[in-house]
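I have placed the structure first, in the form of structure tokens, so that the comments after it can refer back to it.
Since every read-out is calculated from the coordinates, none of them should be taken as a lab result. Just so it is clear, the model here is predicted, and its values are computed rather than measured. We place every Cβ from the backbone using ideal geometry, glycine too, and count neighbours over all the protein chains shown.
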Amino acid sequence: MIGLLPDRLYRDRRIAWAAFGVLAVLLIALPFLVEAGLGRTWVRILDFAMLYVMLALGLNIVVGFAGLLDLGYVAFYAVGAYFYAILASPQFGLHLPFWALLPMGAGIACLFGVLLGAPTLRLRGDYLAIVTLGFGEIIRIFLNNLNAPVNVTNGPQGINMIDPVRIGGHALTRPIEILGVQISGPHAHYYLFLGLTLLVIFAAIRLQHSRIGRAWAAIREDEVAAEAMGIHTRNVKLLAFAMGATFGGLGGGLFAAFQGFVSPESFTLMESIMILCMVVLGGMGHIPGVILGAVLLTMLPEALRYVGPLQQELIGRVAVDPSDLRMLLFGVALVLVMLFRPQGLWPSSMRARELRPDNPDQVRQEQESLYDAER
Amino acid sequence: MDVLLQQLINGLILGSLYALVALGYTMVYGILELINFAHGEIVMVGAMVSVSVLAALTAAGVPVALALPLALAAAVVVCVVTGVLVERIAYRPLRNAPRLAPLITAIGVSIVLQNLAMIFWGRQYLSFPPVIEVRVYDVLGATVSNIQILILVVAALTMGGLLLLVNRTRLGRAMRATAQNREVAGLMGVDVNRVIAATFIVGSALAAVAGLLIASYYGIAHYNMGFILGLKAFSAAVLGGIGNIPGALLGGLLLGVIESLGAGYIGDLTGGFLGSHYQDIFAFLILILVLTFRPSGLLGERVADRA
Amino acid sequence: MTPSAERDGGGGGEPLLAARAVTKRFGGLTALSEVSLTVQVGEIVGLIGPNGAGKTTLFNCFTGLYHPSAGTVHLEGRPLAGLKPHAVAALGLARTFQNIRLFANMSVLENVMVGRHVRTRAGVLGAVLRGPRTRAEERSIRERSLDLLDGVGLGGRADQLARHLPYGDQRRLEIARALATEPKLLALDEPAAGMNHTETAALKGLLETIRGRGVTLLLIEHDVRLMMDLCDRVAVLDYGRKIADGPPEQVQRDPAVIEAYLGAGAA
């Protein structure tokens, strides 16, 4: 009987693995193809795309898997980035090794996630969203102002000359020749980020199809029933929050080392919203969708830069600054997706309709929080 | 000069502005249980419209006594239209969706409004035309300007008008009934859609007034002024008890005073470790603390009792 | 009211569930007033009463969803006071819901697998590394869940979304999910609601099988015939008070019960 049943979980995983294999081959050649076709700037953009895939997958654990809206995700990204920047730059003259700091930064971000989540996770969804947003703003205000009386963050100027990633004494920012092939800084970072991204994807897939992943999904579907079935909802939600924060911190460390410079400007609410857009647009809870969303939204603004020259050609002047247009389009896209395709561009076939209000009972249940009834 | 009194007065004036904006949040929340995230942007639109109309009119030689009401009227019209459109496009289709869906569209709408304003008015600050000659009065060692007094008076009148509307009119009764229980109100013959639209109209009109006053308070208007302002006003509404109109007034005034006193004294309190640029932190701290420890706010009834 | 106080109710031995003078007030409304109820190991106990009598409220007080305003509830002699629902489930009391609360967008199988959560251990690290122990645990979760689905007759629907099941199947899936938590006591809130005669008869067989496997049952139900056929003992609630408790035949003849159900004069 068991053997005859179509084995969805395992089949899903196999498809994912097969896609993985084909993609991996393509992805190895990608930076060279891109450089040949579009120039080296686009290799850097590729690097950022990888970074955002990691961040979006982290947020997806919180928003997509567990159904908790986190609008302050960038705070954890900032914690990871500044942790590395402070301990590996001339700011304090400390130059601790990248490979030690990266996991530590992720750990610190995780700790922040727990500290924020522990008191607030019993809040209803929209309240939680606002509280996380407030937390993100608080972190940014501190980054902006912690340059006095002791100069920790260097205020709005940010921290410069951050140590690059080193592999076996070789700084990744310098070009190197391997087997007669020139590997530039962006190329090397691409392979590093690709490797880490694959690890993150692997972890996310395994988490989703695990005991914990099912508990997250159960909480997202019906918190009261999940609790009644023996799931310690507060702890399991906290776990989602902590995992998301860990991924955020990891991304932050990579960002600081790659960019060589961090400032509060990189960690505004808009950044949180952008990462949320990647998750929502791609397809909340569906890993391939989230990856697609992250890649698309990293590329789109770069592509929109060509809108300037295009206007020049068509109407003889730049009527609308392309970077202005870019945010406008994001806003429009968010509204349209929620209205017409709430499940995202590439939803999972199983859970295609969780955000569609076609079941009033379910909606009502979602609106009652666990202990509301008693308060 | 008495610093404490001065900070109190500043806080009160700032707080009355927060209260005006907080009312918009609390009214919509009371009726739809929706955080109208875009409300701060409506205030921004009000500020931008009133400043640019006022500037245009005074430049054309229209006397101030006429230009000011005209600017306000223009702001009210634009804000109301924007507010109603936002409700129609972004909220109404999602009225029975899970909570997070309208919150996400609201964020989208905020981004759209902000960027439209940026494209329309540009990135630079619009300055409030110096139509009123500033006079400063001395009150018990603190100073108050005539503009500040005007702000306080207009804010008080507006809020008084709102209280009358809610407590004394048919529309107000329908609003209160809808806030109590939307379904029952519908069964009792209240046109719920009309009430919701009316709530957005009233809230947006308040936002227009607030926009004008805030622009005159700071002397400037800017396309991204709405976001932080909206967040603070929302914090004020939460502090007072979201959904509760007197609560929004109290929360707004309290937040204004706390911010103003806090900014004045935070340096002394922390031994110079934190300076006055941390002013913005108070609203968020209050927001987090209130939501964590007393989600019903100071005056709020227990929201869940209704369910 | 101490745990060692005298025990009332049917039969000897320590009761599996012992509720003593449970009172629940919501503001000014008293939903339950000093309700005592015991359930012995191996029994099937029915809880009946008119709508609004407080049956579901009592269930909620047992399962940690509500906390009684006064009175105590013990499971196998252990007090449930202050325990959250997940802790109650871990102690061996599982439930179903009157207004079916499945995980609508998860598969039928996954719904049951969630029920295994409380009896399994794998954490984040286990999930990511998936060592031999985690793999073995996952396998046992699946096998156990599939068995349970077969047991309630849903073996062929394991891969469908829970929301796509017909109503009666959804009720049975809730039972399978609750059984997956390995309860000692299974509390069912109107399991036959919305079922036709055939389905109800099948349900009766299912519940007897479940009892045969050593699970004690407590159920709320409006189908009087099912209750009379199935239950060893029936307790009746009316306006938040217990007005009768005993074997079905006896309760059926109880004038207080007849009055509560049919109104005065109908007897």
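For this structure, a couple of remarks:
- Between A:F261 and A:N235, the FRET efficiency from the beta-carbon distance, with R0 = 35 Å, is close to 0.35.
- Neighbour counting of Cβ atoms within 10 Å sorts the residues B:I89, A:I291, A:I141, fewest neighbours leading, into B:I89, A:I141, A:I291.
- Over the stretch A:196-295 - Rg/Rh using Cα atoms and the Kirkwood inverse-distance radius: 1.02
- Charge dipole (debye, nearest 20) of chain C; +1 at Cβ of Lys and Arg, -1 at Cβ of Asp and Glu: 1060 debye
- Spherically averaged projected area in nm², based on the convex hull that wraps the Cα atoms of the stretch C:1-139: 11.5 nm²
- Between B:L229, B:L249, B:L164, the Gaussian network model of chain B with springs among Cα atoms under 10 angstrom shows the greatest mean-square fluctuation at B:L164.
- Relative to the Cα centre, the charge distribution of the stretch A:15-367, modelled as +1 at Lys and Arg Cβ and -1 at Asp and Glu Cβ, gives a dipole magnitude of about 400 debye.
- The charge dipole of the stretch C:108-180, taken about the Cα centre with unit charges on the Cβ atoms of Lys, Arg (+1) and Asp, Glu (-1), comes to about 260 debye, rounded to the nearest 20.
- Helix-derived mean residue ellipticity, 222 nm - over the protein assembly as shown, DSSP H n ≥ 4, -39500 (n - 2.57), to 500: -19500 deg cm²/dmol
- Per residue, the convex hull volume that the Cα atoms of chain A enclose (Å³): 179 Å³
- Build a GNM of chain B with springs between Cα atoms under 10 Å apart, and of B:F200, B:F227, B:F284 the one that fluctuates most is B:F284.
- Of A:A81, A:A171, A:A18, the one that fluctuates the most in a GNM where chain A has Cα springs shorter than 10 Å: A:A18
- Shown here are the Rg and Dmax of the Cα trace of the stretch B:2-80, at 16.1, 46 Å.
- For the stretch B:143-293, the equivalent ellipsoid derived from the Cα gyration tensor has semi-axes of 33, 19, 13 Å, listed largest first.
- Counting all C-alpha pairs of chain B, share separated by more than 38 Å (%): 12 percent
- Mean shadow area of the stretch C:108-180 over all directions, Cα convex hull, nm²: 4.8 nm²
- Separation in nanometres of the label points that stand 7 Å from Cα toward Cβ, at B:H277 and B:L165: 4.0 nm
- Residue-count net charge about B:A174 - beta-carbon cut-off 10 Å; Lys, Arg +1, Asp, Glu -1: +3
- Membrane-span-like helices of chain B, defined as complete DSSP H segments with a Cα extent of 20 Å or more along the helix axis and a mean Kyte hydropathy of at least -1.0, are identified as B:3-32, B:39-59, B:64-86, B:100-121, B:146-168, B:192-218, B:226-240, B:245-269.
- When peptides C:31-42, A:156-167 are ranked by their average number of other Cβ atoms within 10 Å per residue, the highest-first order is C:31-42, A:156-167.
- Degrees between helix A:74-87 axis and first principal axis of chain A (Cα, 0 to 90, nearest 10): 40 degrees
- Over all Cα atoms in the stretch C:144-267, the spread is summed up by Rg and Dmax: 16.5, 53 Å.
- Potential extension, C:R213-C:A87 segment - 0.36 nm per residue separation minus Cα distance: 43.0 nm
- Greater than 25 Å apart at Cα, pairs in B:K232/C:K84; C:K184/C:K204; C:K55/C:K84: B:K232/C:K84
- The mean number of partner chain beta-carbon atoms within 10 angstrom of a residue's beta-carbon across peptide B:64-76 is 0.
- Ranked A:H232, A:H170, criterion: other C-beta atoms within 10 Å, fewest first: A:H170, A:H232
- In this structure, the amide hydrogen of C:F26, modeled 1.01 Å from its nitrogen in the peptide plane, lies closer than 5 angstrom to those of C:A31, counting only residues at least 5 positions away or on a different chain.
- Comparing C:M113, C:G151, C:A176 along the charge dipole axis of the stretch C:108-180, the residue lying farthest to the positive side is C:M113, per the Cβ-charge model.
- Derived scalar couplings between HN and Hα for the stretch A:257-264 equal 5, 6, 7, x, 7, 10, 8, x Hz in order, rounded to whole Hz, by the Karplus curve 6.51 cos²θ - 1.76 cosθ + 1.60 (θ = phi - 60°), x for Gly and Pro.
- Anchor C:K242: aspartates and glutamates whose Cα lies under 16 Å away (excluding residues fewer than 8 positions away in-chain): C:D8, C:E34, C:E221, C:D254, C:E259
- Net charge, C:T181 excluded, C-beta distance under 13 Å - Lys, Arg +1, Asp, Glu -1: +3
- As a length-normalised measure over Cα pairs under 8 Å and 6 or more apart, the relative contact order of chain C settles at 25 percent.
- Of the trypsin sites (Lys or Arg not before Pro) found in the stretch C:201-267, those in coil by DSSP whose Cβ has at most 15 other Cβ atoms within 10 Å are C:R213.
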